[in-house]
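To keep things clear, I will list the structure first and then write my remarks on it.
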Amino acid sequence: MVSELPIFERPSSERAPEGLADLTAHLYAQYGQSKEMGESASDSNLPHFFLLRKFLGENDLLTILNTKRCRYRCHFCNLPDKSSATPVEADSIKAQFRFVIKENKHSLSILDRVTLSNEGSVLDATTLPREALLDIVAAVGRLKRVKTLVLESRLEFVDADEIRQIALLAPRAGVDILTGFETVSPELRDNVLKKREPLELFLSGLDQVGEAGAHLTAYVLFKPSPEMSDSDAISEANESIAYLTAECARRRIPLTVRLNPMYLSEGTAWKKRALECAQYQPPRLTDALRVARSWSERGVKVYLGLSAEGLSEPRGTYQAREDFSRALLKEAILFNACKV
């Protein structure tokens, strides 16, 4: 769950381009911020997705590698469905990143950060062979401007010694571990989200992040239960962010919070539960923005996850609520860009 691009209506890319303007619009729809994200790769030598994007004021190359699927089946996430049930060879995964850097060859000298994901945990060697990961990291190490390497993973797979080894391969880049924290509530983690990551296990992994000297970026789900009221969602998000802030401060880990308004993800047990709940409503973007601003004013780095990653539709997202408007979305985008 790593793209922060907002939910836009996707322009059609079916019409053949005619003039220069049509060609530009066609290419922008296919390769710009509106490019499709939810589809599986058509070949084991191709990644699921990649995008050169402006992210928190930096040029970030997001790459979602096509590997064996995540071993977990969290009730709110259907990302494993797009990945292979069987292992993908290390050479194929290297070929995926080779494809990405060739497609972005004219932009390599302006990259500030590289984000690696595989719709699961890139540090889980059963899904992403260590050989392939280290080769990709060494390649990133050759990009002289890159100062941040983001690795998406559950914290149970974080080992301080391994992170230090990774850091040696890209010595100019600091390592940022991107992980799903979701909520501080054990009840929601265990029974609603089926995260299968007790807080004790999360904190053990957080110890490893701190020992390695890495940064942490953590997802917090806004309104993680279909039964929640809008006011409950605000309270729960504040409690989760407060907990993360305190635990990271205790370990001197620089923290960034991604506050994700919950959406109905197709084919998930969470969606089924939501549709059976009479009082269910998607979260309000106004509320999520208010929470993000309040923590930002207290010195915590927060941004809003504005994308449904191609896995939902507008009526299952914050766009379905009465407060939504293009002006509100623009306000959220400007907040993420640190322009308000």
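Mind listing the phi-derived Karplus ³J(HN,Hα) values for region 83-89, rounded to whole Hz, using 6.51, -1.76 and 1.60 with θ = phi - 60°, and x for any glycine or proline?
Listing the rounded values in order: 10, 6, 6, 10, x, 9, 4 Hz.
Under a GNM of the chain (C-alpha, springs under 10 Å), which listed residue has the highest mean-square fluctuation: 198, 226, 171?
Comparing 198, 226, 171 in a Gaussian network model of the chain, the most mobile one is 198.
Find the centroid of the Cα atoms in region 61-125 and in region 134-151, then give the distance between the two in whole Å.
14
Probe of 1.4 angstrom, ligands and nucleic acids ignored: what's the accessible area per residue over the chain, in square angstrom? Before the final figure, lay out each step's value.
Working: 14940 Å² over 340 residues.
Counting only protein heavy atoms, the per-residue value for the chain is 44 Å².
Students often get this wrong, so check it: of 68/223; 195/339; 94/147, which have C-alpha atoms separated by over 26 Å?
Values: 68/223 30 Å; 195/339 34 Å; 94/147 22 Å.
In this structure, 68/223; 195/339 exceed 26 Å between Cα atoms.
Could you give the alpha-carbon Rg of the chain over 2.2 N^0.38 Å, rounded to two decimals?
0.96
Select from 220, 42, 336 the residue farthest towards the positive end of the dipole of the chain; place +1 on Cβ of Lys and Arg, -1 on Cβ of Asp and Glu, and compute about the Cα centre.
It is 336, whose Cα lies furthest towards the positive end.
For the chain, give the percent of accessible area contributed by carbon and sulfur heavy atoms, probe 1.4 Å, rounded to a whole number.
The C+S portion of the solvent-accessible surface of the chain is 51 percent.
So for each of 200-212, 270-282 I average, over its residues, the number of other beta carbons within 10 Å; can you give me the resulting order with the highest mean first? Could the numbers behind the result be given before it?
Working: 200-212: 17.5, 270-282: 15.0.
Order by mean packing, descending: 200-212, 270-282.
Under the definition of Cα pairs under 8 Å and six or more residues apart, what whole-number percent is the relative contact order of the chain?
15 percent.
Just how large is the dipole of region 294-340 about the Cα centre, in debye to the nearest 20, putting +1 at every Lys and Arg Cβ and -1 at every Asp and Glu Cβ?
160
What is the magnitude of the charge dipole of region 19-62 about its Cα centre, with +1 placed on the Cβ of each Lys and Arg, -1 on the Cβ of each Asp and Glu, and no other charges, expressed in debye to the nearest 20?
120
Once fully extended, how much extra length lies between residue 161 and residue 39, figured as 0.36 nm per residue of separation less the alpha-carbon to alpha-carbon distance?
Working it through step by step, the gained length comes to 40.4 nm.
What share of the DSSP beta bridges in the chain is antiparallel, in percent to the nearest 5?
The answer is about 20 percent antiparallel.
Taking every pair of Cα atoms in region 36-162, average 1/r, invert it to obtain the Kirkwood radius, and report Rg/Rh to two decimals.
Result: Rg/Rh = 0.94.
Amide H to amide H, which residues 5 or more places from residue 66 or on other chains are under 5 Å from it, using H placed in the peptide plane?
Residues meeting the criterion, in which the H sits 1.01 Å from N, are 48.
Restricting things to Cα coordinates, could you compute the convex hull volume per residue of region 233-330 in Å³?
That works out to 120 Å³ per residue.
Starting from the 7 Å offset along Cα-to-Cβ, what nm value, one decimal, do you get for the label separation of residue 27 and residue 297?
4.5
Run the dipole for the chain about the Cα centre, Lys and Arg Cβ at +1, Asp and Glu Cβ at -1, nothing else charged, and hand back the magnitude in debye, nearest 20.
Here the size comes out at about 780 debye.
Which order do the peptides 112-120, 136-144 take when ranked by the mean count of other beta-carbon atoms within 10 Å per residue, highest first?
Working: 112-120: 24.1, 136-144: 18.0.
The packing order, highest mean first, is 112-120, 136-144.
The values are calculated or read from the model by the stated rules, or taken from the named source; none is laboratory data. Note that this is a predicted model, so its numbers are computed, not measured. Cβ atoms come from the backbone with ideal geometry, glycine included; neighbour counts cover every protein chain shown. Note: areas computed on protein heavy atoms with side chains; ligands, DNA, RNA excluded. Shrake-Rupley method; radii C 1.70, N 1.55, O 1.52, S 1.80 Å.
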